[in-house]
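This report refers to the structure that appears directly beneath it.
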């Protein structure tokens with residue numbers, strides 16, 4: 001049996017909360033579907049420093065915290081409880097960008113699935129995907145690392161992911177496709193009939209894991225868009241993008257972790273460089289190559305920590321200011337207005 005592809009978790013704030021490492025695919029389609037339902041998310045995007053136009057930027061990456069906040073706002077306002085299913089089915093395979101095109105040119109369905117899982121970080125996934133084969137069936141698993149399956153955002157993410165992979169197979173191979181079975185780690189929702197109507201197969205809830213199972217024989221089915229030359233080109237491109245983004249994320253995360261641990265003190269760039277066994281000049285050059293500066297990373301860490309604490313709505317503003325290294329509440333207010341256009345008072349308790 002193939003080993004599961006997995007990823008470790010990180011301490012609070014949730015995994016990916018600080019690093020902006022996620023392509024905004026889900027948020028793009030969430031905004032689109034919400035708009036079709038008569039729901040606007042402009043203010044929710046604005047609170048986390050995003051705009052509808054910015055979501056279409058190829059270079060944009062968002063943090064899990066940003067995605068979490070926008071999804072929660074959409075769920076609160078949506079007239080449809082099954083919003084995750086709607087967003088998942090709205091996305092054509094090409095919505096995953098280069099990963100989607102690489103999957104379309106794969107030789108067989110299992111090759112497409114493996115490629116999607118290998119490069120899931122490039123596709124904007126907010127869950128962790130893995131695959132295993134038991135000789136008869138192929139099982140694709142979706143795991144949450146930052147929220148639980150019964151959290152509204154967790155439920156949305158697994159609904160969106162399982163609905164999307166089903167839509168992908170129907171688009172790529174057969175509109176009449178249905179999985180052999182689907183199991184969800186969350187409790188059965190009041191709209192469980194929508195699950196069964198969409199997947200057209202046995203659906204179970206309160207399962208140990210969220211898994212989507214291919215019918216026997218489907219994994220080896222040839223894809224109509226298979227093209228070995230194009231597929232090889234796409235795989236090379238995806239590998240290059242992964243390396244480029246991986247280098248950026250590694251340096252970002254090392255610096256972010258050091259800065260976060262040092263707060264309320266702000267480490268000097270020279271000290272940060274020495275901790276990474278680099279000269280200050282080399283660190284400045286590497287950051288410039290990534291299109292950022294040390295000051296911008298410090299600002300980003302303070303911003304994410306501030307918004308996290310304001311959303312929790314537990315500490316007084318004077319203590320939040322002190323924990324972030326601001327001289328006083330006025331400095332925190334100026335920073336919040338610069339980051340989001342809103343005062344700390346307005347941002348308090350916005351989660352949910």
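The values are calculated or read from the model by the stated rules, or taken from the named source; none is laboratory data. All values reported here derive from a predicted model rather than from experimental measurement. Here the Cβ positions follow ideal geometry from the backbone for every residue, glycine too, while neighbour counts run over all protein chains shown.
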For this session: Give me a count of the residues in region 206-243 that are assigned by TED's automatic domain parsing to the domain that holds residue 131, surrounded by fewer than 16 Cβ atoms within 10 Å (Cβ to Cβ) and within 25 Å of the chain's Cα centre (by Cα).
Result: 4
Exercise. If a residue has to be in contact with a helix residue (DSSP H, G or I) (Cβ under 7 Å, 6 or more places away or on another chain), over 18 Å from residue 173 (Cβ atoms) and either at pLDDT below 90 or buried (at least 21 other Cβ atoms within 10 Å of the Cβ) (or both) to count, how many in region 128-147 make the cut?
Worked result: 5
Seminar exercise, completed: A careful count of residues in region 206-240 that are assigned to a loop (DSSP other than H, G, I, E, B) and out of contact with any helix residue (DSSP H, G or I) (no Cβ under 7 Å at 6 or more places or on another chain) gives 10
For this session: Please determine, by comparing only the residues of region 251-277 that are modelled with pLDDT under 85 and either not assigned by TED's automatic domain parsing to the domain that holds residue 320 or not in a helix (DSSP H, G or I) (or both), which one is nearest to residue 298 (Cα to Cα).
Result: 276
Exercise. What is the number of the single condition among (1) surrounded by 14 or more Cβ atoms within 10 Å (Cβ to Cβ); (2) within 30 Å of residue 301 (Cβ to Cβ) that residue 33 does not meet?
Worked result: (2)
Exercise. Looking at region 103-113, is at least one residue surrounded by fewer than 22 Cβ atoms within 10 Å (Cβ to Cβ) and within 29 Å of residue 304 (Cα to Cα)?
Worked result: no
Problem set entry | Residue ID - modelled with the highest pLDDT, chosen from residues in region 44-56 that are within 16 Å of residue 339 (Cα to Cα) and in a loop (DSSP other than H, G, I, E, B) | 51
Exercise. Which numbered condition trips up residue 285, out of (1) closer than 25 Å to residue 71 by Cα; (2) part of a helix (DSSP H, G or I); (3) more than 24 Å from the chain's Cα centre (by Cα)?
Worked result: (1)
Exercise. Is region 294-309 home to any residue that is more than 24 Å from the chain's Cα centre (by Cα), outside the structural domain of residue 70 (by TED's automatic domain parsing), without any contact (Cβ under 8 Å) to a residue 40 or more places away in the chain and at negative phi?
Worked result: yes
